[in-house]
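Student: Shown below is the structure under consideration.
Please treat every number below as a calculation from the coordinates, not as lab data. Just so it is clear, the model here is predicted, and its values are computed rather than measured. Cβ atoms come from the backbone with ideal geometry, glycine included; neighbour counts cover every protein chain shown.
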2 protein chains.
Amino acid sequence: MIVTIVHVWVAEDHIQDFIHATIENHNESVKEPGNLRFDILRDAADPAKFVLYEAYESEEASAAHKNTPHYLVWRDTVAGWMAKPRQGIKHTVVYPTDPSRW
Amino acid sequence: MIVTIVHVWVAEDHIQDFIHATIENHNESVKEPGNLRFDILRDAADPAKFVLYEAYESEEASAAHKNTPHYLVWRDTVAGWMAKPRQGIKHTVVYPTDPSRW
């Protein structure tokens, strides 16, 4: 399993646009084979800072996400709304290791 | 819902001890009322850097975790194994908002 934690800093005047576009990305991403989670979080202390928690069964499934139509639409849609470049950090899973618990 | 993302930097010579103690904390934490997830991740590029993804149904349930016997044992057990202080960052949940999807 692979979990990518994506840190996103959004321009103040596009926060609602970003939330809308990212929920659309969520709705399609969770249908991908190999997707385990796609959580959208907002920093409680910084309302312009978001986190995407993207869990996949394998490296291949995680990589395939970046070739999906919904990812490419999302990427291009939000491109002008970033306050600074996103940071995606890959993680292996220590626990739980059973995919049925994801 | 509240998700606390805890960033943990572990001393190289205590990584296996840390993993063992944190899986024990996981096993008890997921039994708490109001716990939704307690994932343990390891940075793919930095094997001494871990992330705990602690999701709770409410602020109260999240706060109650820090008074549980298993949390207090874990906190004291790992105290000497940190390479630098942990950072816990609280998040609200944008999506999915249905607790049954957690």
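Student: Would you pick out the residues in segment A:64-102 that are under 13 Å from the mean Cα position of the chain (by Cα), within 14 Å of chain B (Cβ to nearest Cβ), not in a helix (DSSP H, G or I) and not aliphatic (A, V, I, L, M)?
Tutor: Scanning segment A:64-102 gives A:Q87, A:G88, A:K90.
Student: To continue, here is another question. Quick check on segment B:34-57. Is at least one of its residues at positive phi and not aliphatic (A, V, I, L, M)? Explain how you work it out, then say what you get.
Tutor: Pass one, segment B:34-57, residues at positive phi: B:34.
Going one step further and asking which of them are not aliphatic (A, V, I, L, M), we end up with B:34.
There is at least one residue in segment B:34-57 that is at positive phi and not aliphatic (A, V, I, L, M).
Student: All but one of (1) touching a Leu at 6+ places or on another chain (Cβ under 9 Å); (2) closer than 16 Å to B:I5 by Cβ hold for A:Q87; state the number of the condition that does not hold.
Tutor: Here A:Q87 meets the rest and fails (1).
Student: Would you pick out the residues in segment A:1-53 that are hydrophobic (A, V, I, L, M, F, W, C), in contact with a Ser or Thr (Cβ under 8 Å, 6 or more places away or on another chain) and outside any strand (DSSP E or B)?
Tutor: Correct list: A:M1, A:A21, A:A44.
Student: Among the residues in segment B:60-68, are any under 30 Å from A:H20 (Cβ atoms) and crowded, with 16+ Cβ neighbours inside 10 Å?
Tutor: The answer is yes, given that some residue of segment B:60-68 is under 30 Å from A:H20 (Cβ atoms) and crowded, with 16+ Cβ neighbours inside 10 Å.
Student: Report the residue count in segment A:70-87 for those that are loosely packed, with under 14 Cβ neighbours inside 10 Å and touching a residue at least 12 places away in the same chain (Cβ under 8 Å).
Tutor: Let us first name the residues in segment A:70-87 that are loosely packed, with under 14 Cβ neighbours inside 10 Å, namely A:72, A:75-76, A:79-80, A:83-85, A:87.
Applying the additional criterion that residues be touching a residue at least 12 places away in the same chain (Cβ under 8 Å) yields A:80, A:83-84, A:87.
Residues meeting the conditions: 4.
Student: Follow-up. Quick one: is A:R42 surrounded by fewer than 16 Cβ atoms within 10 Å (Cβ to Cβ) and either within 23 Å of B:S100 (Cβ to Cβ) or not hydrophobic (A, V, I, L, M, F, W, C) (or both)? Break it down into steps so the answer makes sense when it comes.
Tutor: Details: surrounded by fewer than 16 Cβ atoms within 10 Å (Cβ to Cβ): no; either within 23 Å of B:S100 (Cβ to Cβ) or not hydrophobic (A, V, I, L, M, F, W, C) (or both): yes.
When the stated conditions are applied, A:R42 does not pass them.
Student: Which of the residues that make up segment A:6-63 are in contact (Cβ under 8 Å) with a residue 40 or more places away in the chain, closer than 19 Å to B:L41 by Cβ, β-branched (V, I, T) and at the interface with chain B (Cβ under 10 Å from one of its Cβ atoms)?
Tutor: A:V51
Student: Could I ask something else about it? Could you please find all residues in segment A:20-31 being in contact with a strand residue (DSSP E or B) (Cβ under 8 Å, 6 or more places away or on another chain) and either surrounded by 16 or more Cβ atoms within 10 Å (Cβ to Cβ) or over 21 Å from A:M82 (Cα atoms) (or both)?
Tutor: If we filter segment A:20-31 for residues that are in contact with a strand residue (DSSP E or B) (Cβ under 8 Å, 6 or more places away or on another chain), which is where we start, we get A:22-23, A:25-26, A:29-30.
Once the filter is applied, which keeps residues that are in contact with a strand residue (DSSP E or B) (Cβ under 8 Å, 6 or more places away or on another chain) and either surrounded by 16 or more Cβ atoms within 10 Å (Cβ to Cβ) or over 21 Å from A:M82 (Cα atoms) (or both), segment A:20-31 yields A:T22, A:N25, A:H26, A:S29, A:V30.
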